[in-house]
Amino acid sequence: MFGVWLLLWGSVALRGRADTAFLRRAHDSSGHCTYSFTVASPVEAACPETTGGVPELRAELAALASRLSRLESRERGAGGSGLRGAEPGGAAVRLEAAYGELLRAKSALLQWEGALGSCPRHRHFGGERQDQAGGEGGWLGPVHTVPDPAVAPRWEPQPLSFQELQSERSEVPVSRLLEETVLGLPGEEDSGCGQLVWVGEPVVFGRADSIAGKYGVWMKDPEPVPPFTRDNTWRVDTVGTEVRQLFQYEEAEQLARGYPAKVHILPRPLESTGAVIYRGGLFFQPRRSRSVARYDLRGETITAEREIPGAGYHGQYPYSWGGYTDIDLAVDELGLWVIYSTEEARGAIVLSKLDPETLEIRRTWETNIRKRGVANSFLICGILYTVSSYSAPNATINFAYNTATGSSRVLSIPFENRFRYLSMLDYNPAERQLFAWDSFNMVTYPVRLSRA
């Protein structure tokens with residue numbers, strides 16, 4: 001594992017030039033001792049009038065990060081032992097030099113973004129005089145992906161917080177440093193809503209043991225009602241003409257062992273893999289209909305059913321993998337949704353917000369994303385995300401549609417289809433994970449959202 005020593009230096013480099021950094025100590029108006037750290041701009045006498053330069057610096061930073069990643073991988077493949085164990089002139093030396101460039105580019109970026117805010121000529125750090133650089137971007141903000149050396153990275157300005165000065169030193173692996181630079185602190189829980197920036201590797205929870213489980217849907221209730229809890233897990237194997245069995249498990253571990261606590265027999269057979277569990281009910285599309293129904297898990301009866309006007313069904317507007325996935329239900333932080341298409345929309349995804357008790361349509365959005373052109377979709381914080389392929393091992397989250405602004409955007413967030421046949425994908429806002437069914441396998445994906 002590579003390691004680098006992070007030390008407190010007495011000067012800050014900006015594009016190759018070093019300017020002295022001054023640390024001052026003084027009493028504030030309340031009598032407390034405060035510290036301030038100031039650095040003068042080495043090239044400018046006043047704040048710039050334009051915002052030019054920041055995207056280029058961000059691109060340079062991303063390119064350097066990509067170089068570090070490749071050097072680190074190359075050194076590991078050659079059996080290297082890291083910076084301290086490498087011979088002079090080896091890959092570790094090149095890595096150290098590249099890391100120095102990364103620090104200089106990052107320093108330059110901080111100085112530029114400081115200049116874009118309110119202008120004093122000197123920037124203050126520490127105490128109550130600490131500032132934050134501002135930045136503006138599109139509605140979706142910067143999209144963070146693994147840099148591709150064949151493609152010039154695209155970065156947009158984003159808010160960056162200055163950290164407090166520390167008088168201690170610690171050894172940090174380069175790979176971890178890069179992950180923190182691109183994705184934020186690993187393991188730190190996000191609170192509230194944000195935009196999807198990362199999807200992790202799939203974790204397998206169970207496997208179907210018969211041909212009926214090649215396709216299916218499994219789920220947990222993000223807002224359960226007694227006697228059910230968030231530990232209860234539900235599963236439906238969807239291969240067959242009369243799919244009526246809903247398997248109930250006390251917890252996910254019981255699902256992995258294959259022994260359900262109870263089997264519900266639905267009054268109506270369901271169609272495909274678009275069902276969800278929400279607020280004590282199973283929401284599903286009855287077979288060969290354009291309707292959505294609610295099955296009450298406590299009373300074991302259908303308590304509501306409503307037709308989705310004009311919705312295609314039974315193979316008219318499915319996802320690219322097929323499976324009669326014309327009507328797909330989803331849950332996020334904002335509630336219950338239905339994803340479908342109509343003849344009027346000419347196959348583009350139509351999205352409607354539903355009342356979870358009556359199934360009344362509250363509002364509808366028509367996107368410009370062709371439903372047959374994507375493998376699956378899900379919602380997070382009112383934003384619809386789609387997956388590029390159901391079978392490619394290295395797929396991507398390729399589109400996003402924001403219901404708050406009514407606009408869509410192209411993405412390229414890596415997404416792994418480990419078992420090469422993704423037939424179901426849903427988001428659970430309580431666990432902040434994606435639940436998926438991939439060729440007999442029930443898996444989850446961790447996700448990371450940007451700060452709201």
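The values are calculated or read from the model by the stated rules, or taken from the named source; none is laboratory data. Since the structure is predicted, the reported quantities are computational estimates derived from the model, not experimental observations. Cβ: placed from backbone, ideal geometry, glycine included. Neighbour counts: every protein chain shown. The protein model used for the area step is the full one, side chains on, heavy atoms only, and it has no ligands, DNA or RNA in it. Shrake-Rupley method; radii C 1.70, N 1.55, O 1.52, S 1.80 Å.
A simple count of charges around residue 273, restricted to other residues whose Cβ falls under 14 Å of its Cβ and scoring Lys, Arg +1 and Asp, Glu -1, yields -3.
By accessible area of protein heavy atoms, probe 1.4 Å, what ranking do 32, 27, 314, 264 get, highest first?
27, 32, 314, 264
Amide hydrogen proximity for residue 334: with H placed 1.01 Å from N in the peptide plane, the residues at 5 or more positions away or on another chain lying under 5 Å are 381, 382. Across the range 210-224, rounded Karplus estimates of 3J(HN,Hα) from the backbone phi angles (6.51 cos²θ - 1.76 cosθ + 1.60, θ = phi - 60°) give 9, 4, 5, x, 4, 10, x, 9, 9, 6, 10, 8, x, 9, x Hz, Gly and Pro being marked x. Taking each of 262/371; 220/371; 214/371; 214/353 in turn, the alpha-carbon distance tops 24 angstrom for 262/371; 220/371; 214/353.
Treating the beta-carbon of each Lys and Arg as +1 and of each Asp and Glu as -1, no other charges, what is the dipole magnitude of the range 321-440 about its Cα centre, to the nearest 20 debye?
Here the size comes out at about 460 debye.
Remark: the range 194-203, residue by residue, has Karplus-estimated 3J(HN,Hα) of x, 10, 5, 10, 7, 10, x, 6, x, 10 Hz, where x stands for each Gly or Pro and the curve is 6.51 cos²θ - 1.76 cosθ + 1.60 at θ = phi - 60°. Legend: residues 231, 438, sorted from most to least accessible area (1.4 Å probe; ligands, DNA and RNA excluded), read 231, 438.
With contacts taken as Cα pairs under 8 Å at a separation of at least 6 residues, the range 283-437 carries a relative contact order of 15 percent. Name the residue farthest towards the positive end of the dipole of the range 196-449 from the options 276, 415, 263, assuming +1 on Cβ of Lys and Arg, -1 on Cβ of Asp and Glu, about the Cα centre. Final value for the positive-end residue is 415. Taking every protein chain into account, the accessible area of the range 196-449 amounts to 38 square angstrom per residue (probe 1.4 Å). Karplus-derived 3J(HN,Hα) values for the range 412-428, using 6.51 cos²θ - 1.76 cosθ + 1.60 with θ = phi - 60°, are 8, 8, x, 9, 9, 9, 5, 10, 6, 7, 7, 10, 7, 8, 9, 9, 10 Hz; glycine and proline are entered as x.
Within the range 328-398, the trypsin sites (Lys or Arg not before Pro) that combine a DSSP coil assignment with at most 10 other C-beta atoms in a 10 angstrom radius are 346. Sorting 223, 307, 271 on solvent-accessible area from highest to lowest, probe radius 1.4 Å, gives 307, 223, 271. Relative to one another, the C-alpha centroids of the range 422-444 and the range 211-273 are positioned 13 Å apart. Within the accessible surface of the range 196-449, defined with a 1.4 Å probe on protein heavy atoms only, the carbon and sulfur portion equals 46 percent.
Highest average first, the peptides 402-411, 284-293, 212-221, 247-256 ordered by how many other beta carbon atoms sit within 10 Å of their residues are 212-221, 284-293, 247-256, 402-411. Computed over neighbours whose Cβ is under 12 Å from that of residue 251, the net charge equals 0, Lys and Arg +1, Asp and Glu -1.
Amide H to amide H distances under 5 Å link residue 225 with 280, where only residues 5 or more positions off or on other chains count and H is placed in the peptide plane. Shape of the range 216-323 from the C-alpha gyration tensor: prolate (a/c of 1.5 or more and a/b above b/c, with a ≥ b ≥ c the square roots of its eigenvalues). Taking every protein chain into account, the 1.4 Å probe leaves residue 325 with about 10 Å² of accessible area, to the nearest ten. Scaling the Cα radius of gyration of the range 196-449 by the globular reference 2.2 N^0.38 Å produces a ratio of 0.91. Checking every one of the GluC sites (Glu not before Pro) in the range 354-430 against DSSP loop status and a limit of 16 other Cβ atoms within 10 Å picks out 357, 360.
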